[in-house]
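To start, the structure under review is shown below, and the notes come after it.
Only the coordinates and a few stated rules stand behind these numbers; no lab work does. Worth saying up front: this structure is predicted, and the values here are computed from it rather than measured. Note: ideal-geometry Cβ built from the backbone for every residue, glycine included; neighbour counts use all protein chains shown.
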Amino acid sequence: MSANRKPKVATVWLDGCSGCHMSFLDIDERLVALSSLIDIVYSPVVDPKDFPTDVDVTLVEGAVSSEEDLHKIQVIRQRTKILISLGDCAVTGNVPAMRNSYEPAELLARAYVENAQSPDSRQPPTRGLPALRPKAQPVHELVKVDLYLPGCPPPADAIHFVVAELLAGRTPDPSQLTRFGR
Amino acid sequence: MIQAVDKPQPPSDDKRWKIVDATMRRNGHDRHALIETLHTVQESFGFLDEEGLRYVANSLRVPLSSVYGVATFYHFFTLRPPGAHTCVVCTGTACYIKGAMKIVETVSQKYKVRPGQTTPDGKVSLLTARCLGSCGLAPAVVFDGDVVGKLAGPQVAERIERWVKS
Amino acid sequence: MTVPTIVPAQSFSMKIDGIDVSARAGQTILEVAQENGIEIPMLCYVEGLSNWGGCRLCLVEVVGQKKLFPACSTAASEDAQVVTNSERLQRYRRTILELIFSERNHVCAVCVSNGHCELQAMAQKLGMTHIHVPYRFPSHDVDSSHDRFRLDQNRCILCTRCVRVCAEIEGAATKGVSGRGIESLIINDLKEAWGDSQTCTSCSKCVHVCPTGALVEKGTAAAEMAKRRQFLPYLTVMRENTP
Amino acid sequence: MTPEELRHKAAEERTAQKRYKHCLNVCMAAGCMSSGADQVKEALTSVVRRYGMEEEVPVRAVGCMGLCSAGPLVSVEPKGVLYQEVKAEDASDIVTSVNDVPVKRIHCPTDTPFFTRQKKIVLENCGKVDPERLEDYIAADGYEALLKVLTEMKPAEVVQQVTISGLRGRGGAGFPTGLKWGTVSKAGTGQKYVICNADEGDPGAFMDRAVLESDPHRVLEGMAVAGYAVGADRGYIYIRAEYPLAIKRLRLAIRQATRAGLLGNQIFGTTFNFNIELRLGAGAFVCGEETALIASIEGRRGLPRPRPPFPANYGLFGRPTLINNVETLANIPTIIRNGGAWFASIGTEKSKGTKVFALAGRVQNTGLIEVPMGVTLREIIFDIGGGIPEGKKFKAVQTGGPSGGCIPEQHLDMPVDYESLMQVGSIMGSGGMIVMDETSNMVDVARFFMEFCMTESCGKCVPCRVGTYQMHELLDRIHRGQGTPTDLELLKELCDVVKNTSLCGLGQTSPNPVLSTLRYFEHEYQELIAAANQAHAATPAGEVTR
């Protein structure tokens, strides 16, 4: 990583529960130290709305579930040097992928018709809902991923370790700090 | 029912169970004769039904799970009744190279039946086989036991049409 | 004059990972390794049941031989030099493990066996951080018909420990395997609902030998299903000692 | 039957055959049967009867004559006139011309390489004897070998002759037969078994079926000799249920031989007993693997188990068991009659004798052939096989079925033997030989074989169960034009893993068709992937905003 400027780090949230981001915040006071070493240029927890063009490290939470997710991750991949799958949804598909043995149409019918509370709203919304892809997939099945950080969520220590190692210019192996599941 | 002690009774008084009994007797009701016995059941009844499996299991003193395991391991056995007529398309290498899959496709599309399935009217079962050993005649199809070689989709469909219309 | 050795007549020496170890005739490579504190990964093997040899994780190299040998079912032999953890073996094991993960729907996060699962632990032990073969995402049933136990095919790795313990230890042979290849499934009797089985004695042995969350006790929440397996060595010893 | 009775029977039958001036042989093997050979035979019989020629021109049903693509075949013996694509209407012309020039429109010349380049040992009686008559086999020196070993040789001498012959297992792997026999013969005393592996499962192979349909007694005799050599008194033939005609003829042959005292107790008045039973397979390719085959005969799921122990020591019902394939056993009577040294004089240095091939696919003459080891693939395909039809270009020949590989043009001048085939990435296999022309896509061919291995995988070990599925998915994706370079890399990796970590031969060899097509035709994979990438080249546009 370039020594002249602070590395730019982004975090994104695709089809996931935000638990990985919570875990990221659980780095606690170390976050303060970290923030002096990196620029968080894009994240659900910071202000900027557009994904910048030259990001050094992006942590991706969540599976690729909708066409919008796919579009996002493709753009992010183009604009990121090191892409990290953060947490089981990004790494394995995890809970979002449990829908994969059903057709998207069946799922929508289940959610918006069968389980609808009000009889007036018994149809899937036609606007504002990104089209579901046939399957929710792990990130690396769609774009190249450079590092994997499994866990549901990955422990704060594991996340801190990975970021710190990268800042130190090393390739981290987090496999002893985290595992699939909890 | 578990009948490990009493002598098991055939599921019905259908005479064909006598043939099955004969096979088991010839093999001394040895559990090694399971596959031989299932062959006889299928030859006699066209398929293996649950009652039959239970009877064979009890007679040969083989666990139910083993009988079911064997009956579903070997692709020659079927647990569903076959159609009135069967059309077996050979998909061995020689037949494949010479267009067997086109035959399967033609029949599948025309009669809305996938390989391994029977048409809804129960008239025709479409099956595929792993090499009939009639590679010299590729592509080969078996119509109700008769092997016919050097066929194409339309000719096969024509033969099936005769069954469907009959 | 030769001095008589104290080593028992049928024992011999061999090398595992460069360490000199002594083995007795009839022992497998795995047994010798375990006696000497050398860990070899495995998932289908359980002490007290017959050998299956299906998971292939315990494959080891024998110096001078081209092919690999399953440690669980290969007899230890005199002067053999066994390698249990070469770079090649590690690579093969990781891919095999990935194949297992890709086969069914293993969702550790919501599994009652989370934290008690041999598959999950193996992934961590072998440093498997992701699965680079495509997931199959098959559609599988969960059989909750038994009052006390549940069979979740989504989490099954087809190690057949349940089949073996049911036939070999309990003697009921309720559990079996139907179909073949990728279509293989663990079944009860004639593929019936477990709750309807008249051969099952509800002994729970299958549940406790199951390495994953495929066979569990009902009423356990995520991460609660710890398995108790002490009965197996116990029964084996007791049977040996009972005339 | 006593030795004298056997010789008497043979002499009597030979005299009877000489009585006839001509003889009409109709091929009644499965190939010709399915093109209407039975109607042809019926027509010939009725024409002969109509002309009152029953006493001079008998009509006989015989086994496979080899040129299956031109069936139904009829031969006029001893003149050696062959007719092809015979219809019932041709019967009268054939019968009336027996003393005259052959009927031109259906005459099949036999001075072509298809006939002249072959050397027949295993198939020596095929198309000549009536497979349903024991007397025919006896007249062709049948059961002479059994008589010879029982009355003149010690078991060890029989093993020695087989060892000297250099015969290697014809089922695929080419293990030395003499060595196998020796191991079983030395595996203690007590109950032992001989199993004839007739579970010919390679798609595209029908050699064993043809031998069993055309000359079943030869296999029974081979088994009995083997039984004597290794000390077994029981034999099983494990045969595919998909071969009803072969099963029927084997059953008949076993009955005939038992009734004649050529099987059963105290054969030829000696103390040697040997009984043979049939066991039907039920559609599982993996049962060609020895330990899976044993499980199947024992009535269980056909799952292989780790070896050792090898079946030679711990086989059927836990007893020492010799397992040989049909063609291997069919070689035995001739080896015993002529001596091991004679057999060893045929073929190449390491591959002795002949090999039967089922020639099929895009080649002019499809059918059954037998050639000495060491002939070249080019001779087989272009001389014997008559080359590629419709003016198309040769692309590859597949040998060894799902465990074998595709051999390209550049290796056609290589001699056919176990080692050479292995060197170019294929195997001898059981003898299926499928010729492909320019119309075949090699990725498709690899996918075809992988689909076969996937559906035939028993499911016991992970690499084969899941690996073949994943490899098939990848091949399918590449073939559909949706593959990526990463897919190809993963395919190669899985080939390596499955090959080296699977439990049995089925899994270990399942990557071979992929590996061999990658070796010679990787450009076909690359082309499909490049085309796929072009189609997908569109880069995503637009912004990512929250």
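Please arrange D:430, C:113, A:101 by counting, for each residue, the other beta carbons lying within 10 Å of its beta carbon, fewest first.
A:101, C:113, D:430
May I ask for the distance between the Cα centers of the range C:138-175 and the range B:111-166, given as a whole number of Å?
So the two Cα centres are separated by 39 Å.
Using a 4.7 Å cut-off between beta carbons, which cysteines in chain C end up with no partner cysteine at all?
Unpaired cysteines in chain C: C:58, C:72, C:108, C:111, C:117, C:156, C:166, C:200, C:203, C:210.
Angle between the Cα long axis of helix D:326-338 and the longest principal axis of chain D, 0 to 90 degrees, nearest 10?
Rounded to the nearest ten degrees, it is 40.
Going through the range D:1-42, which trypsin sites (Lys or Arg not before Pro) have at most 14 other Cβ atoms within 10 Å and a DSSP loop state?
D:21
With the crude spin-label approximation of a point 7 Å out along Cα→Cβ, what separation in nm comes out for residue D:273 versus residue D:42?
4.5 nm
For chain A, calculate the relative contact order in percent as a whole number, restricting contacts to Cα pairs under 8 Å that are 6 or more residues apart.
In percent, rounded to a whole number, it is 25.
Enumerate the aspartates and glutamates that residue A:72 could reach by cross-link, defined here as Cα to Cα under 16 Å, with residues fewer than 8 away along the same chain left out.
Result set, ordered by chain and number: A:15, A:50, A:54, A:61, A:141, D:543.
Would you calculate the separation in nanometres between label points at residue D:55 and residue A:54, each defined as 7 Å from the Cα along the Cα-to-beta-carbon direction?
Roughly 11.0 nm, to one decimal.
Please work out whether the range B:4-59 counts as rounded, prolate or oblate from its C-alpha gyration tensor, where a ≥ b ≥ c are the square roots of the eigenvalues and a/c under 1.5 means rounded, while otherwise a/b larger than b/c means prolate and anything else oblate?
rounded
Of the cross-linked pairs D:355/D:395; B:165/D:248; A:135/C:218; D:79/D:350, which ones have a Cα-Cα span greater than 32 Å in the structure shown?
Among D:355/D:395; B:165/D:248; A:135/C:218; D:79/D:350, the Cα-Cα distance tops 32 Å for B:165/D:248; D:79/D:350.
Using a Förster distance of 30 angstrom, determine the FRET efficiency expected from the C-beta separation of residue A:123 and residue C:218, and round it to 0.05.
0.20
Quick one: helix C:87-103 against the long Cα principal axis of chain C, what's the angle to the nearest 10°, folded into 0 to 90?
Long axis of C:87-103 versus the principal axis of chain C: about 10 degrees.
Mind checking the angle between helix D:442-456 and chain D's longest principal axis? C-alpha axes, 0 to 90 degrees, to the nearest 10.
70 degrees
Classify the range B:61-140 as rounded, prolate or oblate from the Cα gyration tensor: take a ≥ b ≥ c as the square roots of its eigenvalues, call it rounded if a/c is under 1.5, otherwise prolate when a/b beats b/c and oblate if not.
oblate
Have a look at the DSSP beta bridges in chain B and tell me what percent are antiparallel, nearest 5.
Given both bridge residues lie in chain B, the antiparallel proportion sits at roughly 55 percent.
Measuring from label point to label point, each 7 Å out along Cα→Cβ, what is the residue D:413 to residue C:15 span in nm?
4.8 nm
Add +1 for every Lys or Arg and -1 for every Asp or Glu among the other residues with Cβ under 14 Å from the Cβ of residue D:405, and state the total.
Net charge around residue D:405: +1.
Using alpha-carbon positions, what is the distance between the centroids of the range B:34-56 and the range D:192-232, in Å?
Measuring centre to centre over Cα atoms gives 28 Å.
Distance between Cα centroids, the range D:108-127 to the range D:1-70: provide it in whole Å.
Computed from Cα coordinates, the inter-centre distance equals 18 Å.
Which of B:150/D:393; C:15/D:180; D:352/D:393; D:460/D:499; A:8/A:49 have a Cα-Cα distance over 23 Å?
Over 23 Å apart, Cα to Cα: C:15/D:180; D:352/D:393.
How crowded by other chains is B:136-147, given as the mean number of beta carbons from other chains within 10 Å of each beta carbon?
Counting Cβ atoms of other protein chains within 10 Å of each residue's Cβ and averaging gives 5.
Write out the GluC sites (Glu not before Pro) in the range D:314-415 meeting two conditions: DSSP loop, and at most 12 other Cβ atoms within 10 Å of their Cβ.
Of the GluC sites (Glu not before Pro), the ones in loops of the range D:314-415 whose Cβ has at most 12 other Cβ atoms within 10 Å are D:349.
Using a 7 Å offset from Cα along Cα-Cβ at residue C:183, what residues in the range B:49-66 end up with backbone N under 18 Å from the label point?
Label zone hits: B:49-50, B:66.
What does the C-alpha gyration tensor say about the overall shape of chain D? Classify as rounded when a/c is under 1.5, otherwise prolate if a/b is larger than b/c, or oblate.
oblate
Count the net charge of all other residues whose Cβ sits under 15 Å from the Cβ of residue D:7, scoring Lys and Arg as +1 and Asp and Glu as -1.
Every neighbour counted, the sum reads -4.
Kindly provide the helix-only [θ] at 222 nm of chain C, computed as the sum of -39,500 (n - 2.57) over DSSP H runs of four or more divided by all residues, to the nearest 500 deg cm²/dmol?
-6000 deg cm²/dmol
Which trypsin sites (Lys or Arg not before Pro) in the range D:65-133 sit in a loop by DSSP (not H, G, I, E or B) and have at most 13 other Cβ atoms within 10 Å of their own Cβ?
The qualifying sites are D:79, D:87.
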